[in-house]
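Chemist: If you scroll down you'll find the structure; I have some questions about it.
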Amino acid sequence: MPPRPAVLTKRTLDKDLDKITHAEDAAKHVLRRLVPPGLGLIFVGLAMLFAGVYVFDRPGAMLVVAAAALAGYMAMNIGANDVTNNVGAAVGARAMTMGQALIIAAIFEVLGATIAGGEVVKTISTNIVDAVQVPPALLGWIMMAALMAAALWINLATWMNAPVSTTHAIVGAVIGAGISAVGPEPVNWRVMLEITASWITSPLIGGLIAAGLLYLVKTLIIYRDDKIAAARRWVPVLVAVMAGGFMAYMVLQLSPTGRFQSFTIILIGIGIGLVSWLAARPLVLAQARDLENRNSSLRVLFKLPLIGSAALLSFAHGANDVSNAVGPLSAIVHSVGIGGDAIGHPPLWVMLIGAFGISVGLLLFGPRLIRLVGEEITKLNPMRAYCVALSTAFTVIVASWLGLPVSTTHIAVGAVFGVGFFREWYTRHSKARIAYIRRKAESFDIDEPEEPNIHETRRRYLVRRSHFMTIIAAWIVTAPVSAALAAMIYWVMFALFV
């Protein structure tokens with residue numbers, strides 16, 4: 001009897017279609033993960049073409065084009081790892097969505113890098129390893145090795161969800177490559193001592209300022225009987241302080257040296273602060289209308305200053321951390337006799353590669369670390385997040401003005417820890433908080449809870465100690481690992497190309 005022919009039933013057809021659908025979904029999932037790296041490669045190629053336009057037919061053009069590719073790659077890694085510092089607190093406090101945060105950060109990163117990034121670039125490119133004492137040919141290879149080593153380490157750290165310091169990475173890499181090439185003599189150890197001291201003090205300063213701001217917010221607004229009235233009075237003042245301080249910094253950055261005296265700059269800051277207070281006051285009054293006298297209502301009133309502080313912090317980060325990518329590139333450009341007017345002053349096209357690279361990196365890869373800083377170290381609401389962002393921005397701005405390549409990561413995470421540890425202390429010891437709880441208990445005619453501020457905090461901490469120790473460990477190893485990796489890369493480059 002001949003075999004029966006196969007019959008294509010509806011059930012068989014459905015199974016086959018399901019398999020095809022699953023295969024298509026799997027392919028889309030794989031391809032979706034390849035889109036950001038592909039776009040990153042496109043940006044690196046564009047950076048090379050951009051540099052090639054400016055250095056075409058010039059001596060050392062190939063070295064500069066290769067360095068531009070590494071600088072673009074480094075800048076993207078900075079954006080991917082450091083975007084947490086800028087908007088992590090705002091996203092963690094749910095004051096803005098991830099998309100809104102990334103767009104704001106990208107715009108203000110570019111503005112900060114191009115407007116105010118030059119002073120710190122000078123420190124990275126010329127002051128760590130004395131460019132005068134190093135032959136130009138060797139200086140170019142030292143900076144190439146430093147760029148590659150720092151970028152690889154930051155890429156690995158981002159993949160491991162570790163918010164390391166990109167400043168530590170590039171400074172350590174420059175020192176490691178420089179010592180491997182010419183020994184320790186050209187290293188400016190005095191500048192290194194200043195930078196190292198700033199690495200230690202800046203997160204402490206950021207944490208103290210954040211804790212102080214939170215103390216004022218709690219004392220003046222949160223633990224008042226009429227919270228909304230207190231917020232209507234003080235939120236416009238906070239906006240004015242932020243705007244006035246930022247404008248004073250901009251005048252310092254953009255005006256020729258000596259044009260304005262310190263007193264004049266202070267008056268300009270006060271004037272802008274007054275205008276900002278007048279502008280913010282009706283907005284806050286409108287937002288406060290019909291709000292209940294509850295802590296949750298304060299979240300609405302603090303959205304405006306929190307978004308402003310996140311934008312300000314993105315500007316400050318671009319001004320300080322763009323040097324980590326374009327400082328070595330600037331040194332290479334000058335080592336081959338191409339570019340700016342003086343050593344340590346990079347051409348505009350060099351700054352643009354770093355500025356747009358940071359923005360591309362944060363847009364493509366930034367969300368990986370935002371939740372760690374914004375949500376997992378300690379719980380942030382808009383009031384705490386505002387204190388973190390403003391303290392970080394002002395600390396970074398002052399460091400950029402002084403030309404110190406401080407770690408924005410250190411300061412931002414230090415501010416988050418400062419807020420968390422202050423909350424632990426304040427919950428246990430604040431007389432204002434205890435008095436507020438007692439007034440509330442009396443107003444609702446309930447028994448006063450025994451030791452209302454003790455039991456919960458004895459059961460749990462408000463700061464996760466595991467994250468504290470992990471981040472501190474990552475900070476400690478970043479500079480020596482980058483230095484060792486840069487030394488090895490320099491030896492390989494020297495053996496292959498020099």
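The values are calculated or read from the model by the stated rules, or taken from the named source; none is laboratory data. These numbers were taken from a predicted model, which means no experiment stands behind them. In this analysis, Cβ positions are derived from the backbone assuming ideal geometry, glycine residues included, and neighbour counts consider all displayed protein chains. SASA here: full protein model, heavy atoms, side chains in, ligands and nucleic acids out. Shrake-Rupley method; radii C 1.70, N 1.55, O 1.52, S 1.80 Å.
Chemist: Does the range 197-222 hold any residues that are hydrophobic (A, V, I, L, M, F, W, C) and within 19 Å of the chain's Cα centre (by Cα), and which are they?
Modeler: Listed by number, the residues that qualify are TRP199, ILE200, LEU204, ILE205, LEU208, ILE209, ALA210.
Chemist: Right, here's the next one. Among the residues of the range 48-60, what is the count of those that are on the phi < 0 side of the Ramachandran plot, open to solvent by less than 100 Å² (accessible area, probe 1.4 Å) and at pLDDT below 90?
Modeler: Residues meeting the conditions: 5.
Chemist: Would you check which residues across the range 341-371 are of a type in the set (Phe, Trp, Tyr), at pLDDT 80 or above and surrounded by fewer than 23 Cβ atoms within 10 Å (Cβ to Cβ) and list them?
Modeler: Within the range 341-371, TRP349 is the sole residue that qualifies.
Chemist: Can you find a residue that is modelled with pLDDT of 70 or more and open to solvent by less than 10 Å² (accessible area, probe 1.4 Å) anywhere in the range 26-43?
Modeler: Yes, that holds for at least one residue.
Chemist: Of all residues in the range 268-294, how many are within 30 Å of the chain's Cα centre (by Cα) and of a type in the set (A, V, I, L, M, F, W, C)?
Modeler: Final tally of qualifying residues: 10.
Chemist: Just to be sure I understand, how many residues within the range 157-205 are within 20 Å of PRO135 (Cα to Cα) and touching a Phe, Trp or Tyr at 6+ places or on another chain (Cβ under 7 Å)?
Modeler: 3
Chemist: A further question follows. Got at least one residue in the range 267-288 being over 19 Å from ALA319 (Cβ atoms) and touching a Ser or Thr at 6+ places or on another chain (Cβ under 9 Å)?
Modeler: There is at least one residue in the range 267-288 that is over 19 Å from ALA319 (Cβ atoms) and touching a Ser or Thr at 6+ places or on another chain (Cβ under 9 Å).
Chemist: Can you tell me which residue among ILE411, ILE476, ILE397 is in a helix (DSSP H, G or I), at pLDDT 70 or above, open to solvent by 60 Å² or more (accessible area, probe 1.4 Å) and within 30 Å of GLU109 (Cα to Cα)?
Modeler: ILE476
Chemist: Ok, one more. Could you please give the count of residues in the range 260-310 that are over 17 Å from VAL217 (Cα atoms), among the polar types (S, T, N, Q) and not in a helix (DSSP H, G or I)?
Modeler: Matching residues across the range 260-310 total 1.
Chemist: Also: Out of curiosity, is LEU313 over 30 Å from VAL44 (Cα atoms) and touching a Phe, Trp or Tyr at 6+ places or on another chain (Cβ under 9 Å)?
Modeler: Judged against the criteria, LEU313 is not a match.
Chemist: Kindly list the number of the only condition in (1) open to solvent by less than 30 Å² (accessible area, probe 1.4 Å); (2) within 18 Å of ALA389 (Cα to Cα); (3) at pLDDT 85 or above that fails for LEU238.
Modeler: For LEU238, the failing item is (1).
Chemist: Taking interchain pairs and intrachain pairs at least six residues apart, which have beta carbon atoms under 7 angstrom, with the first residue in the range 62-76 and free of Cβ contacts under 8 Å to residues at least 40 places away in the same chain and the second assigned to a helix (DSSP H, G or I) and surrounded by 24 or more Cβ atoms within 10 Å (Cβ to Cβ)?
Modeler: Within 7 Å, the pairs are VAL65/ALA51; ALA69/ALA47.
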